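Bear in mind that the values in this text are calculations on the coordinates, not laboratory data. Note that the coordinates shown come from a computational prediction; the quantities given were computed from them, not determined experimentally. Quick reminder, even Gly has a Cβ in these numbers, built from the backbone with ideal geometry, and neighbours come from all protein chains shown.
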Amino acid sequence: MPDGVPRLVSSTLSKADYRNVYELMDTPPLEFDCGRLCQSLCCQEYEPGVGMYLLPGEECMFTGKEPWLKWHYHEASEHGFPPEWDGQVAFVVCRGVCPRNMRPVQCRTFPLAPYVDPAGKLSVCLDYLSGYFLCPLVRNPRRYRLRKQFEARVLEAWRILTKDPLILAEVTACSRKLDEDRNAPWWRLGDG
Ligand code: SF4
Ligand code: SF4
């Protein structure tokens, strides 16, 4: 993790947990490289300043000296995170290239996102909130069936991640937002 960073949101997860999560998520969504469908749009600067938030504790997977990553820090309370998140959140920008085995959780899970139903049951679903206008796999789920192994391993990884109560709080908040958006008119534009 970088030197001289501000106080980050704390985590109950260990480096071994994150290693396990990274390994579980090291499997592709399709039988072929989905980047061929869109010129790897999710790795491009498809809007100015686009980057990824790391999860609490995920900074343990980085030295902060990776030449392919630029680090920024955002105050959690000013960027829509749950009130339980106290401190700064690491926001990284990659310039569109990375050693694939080092990519963050947010890149590994996409185009799936974790979902917690109102009864508290965890599952994964297509990431409509960030992916609908970006990703052909999200817009066309019947044409591009995700590999079962990808779905199962991403779910397993989120089971580990949501043992952290702060990550569970964020996943729950995003799930309620997704419930609201399910009634939006654009929701019915895809073939899903
Ligand atoms: S996940 Fe979606 S946006 Fe990213 S490369 Fe694959 S098809 Fe393109
Ligand atoms: S870190 Fe790698 S996988 Fe993630 S957006 Fe950047 S280039 Fe793509």
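What to note about this one:
- Put a dot 7 Å past the Cα of GLU23, heading toward its Cβ, do the same for ASN140, and the two dots end up 3.6 nm apart.
- Mean-square fluctuations from a GNM of the chain, with a 10 angstrom spring cutoff on Cα atoms, peak among PRO111, PRO67, PRO28 at PRO67.
- Global geometry of segment 15-183, whether rounded, prolate or oblate, following the gyration tensor of its Cα atoms and the 1.5 cut on a/c: rounded
- Exceedance of the 30 Å cut-off in Cα-Cα distance is limited, within the set LYS148/LYS177; LYS65/LYS148; LYS65/LYS121; LYS70/LYS163; LYS70/LYS148, to LYS65/LYS148; LYS65/LYS121; LYS70/LYS148.
- For segment 58-138, the gyration tensor built on C-alpha atoms gives an oblate shape. Its axis ratio a/c (a ≥ b ≥ c) is at least 1.5, and a/b is not larger than b/c.
- Cα→Cβ-extended label distance, 7 Å offset, between ARG176 and SER14, nm: 3.3
- From its DSSP helices (H runs of at least four residues, each -39,500 (n - 2.57)), the chain gives a residue-normalised ellipticity at 222 nm of -8000 deg cm²/dmol.
- The chain, relative contact order [Cα under 8 Å, separation at least 6], %: 29
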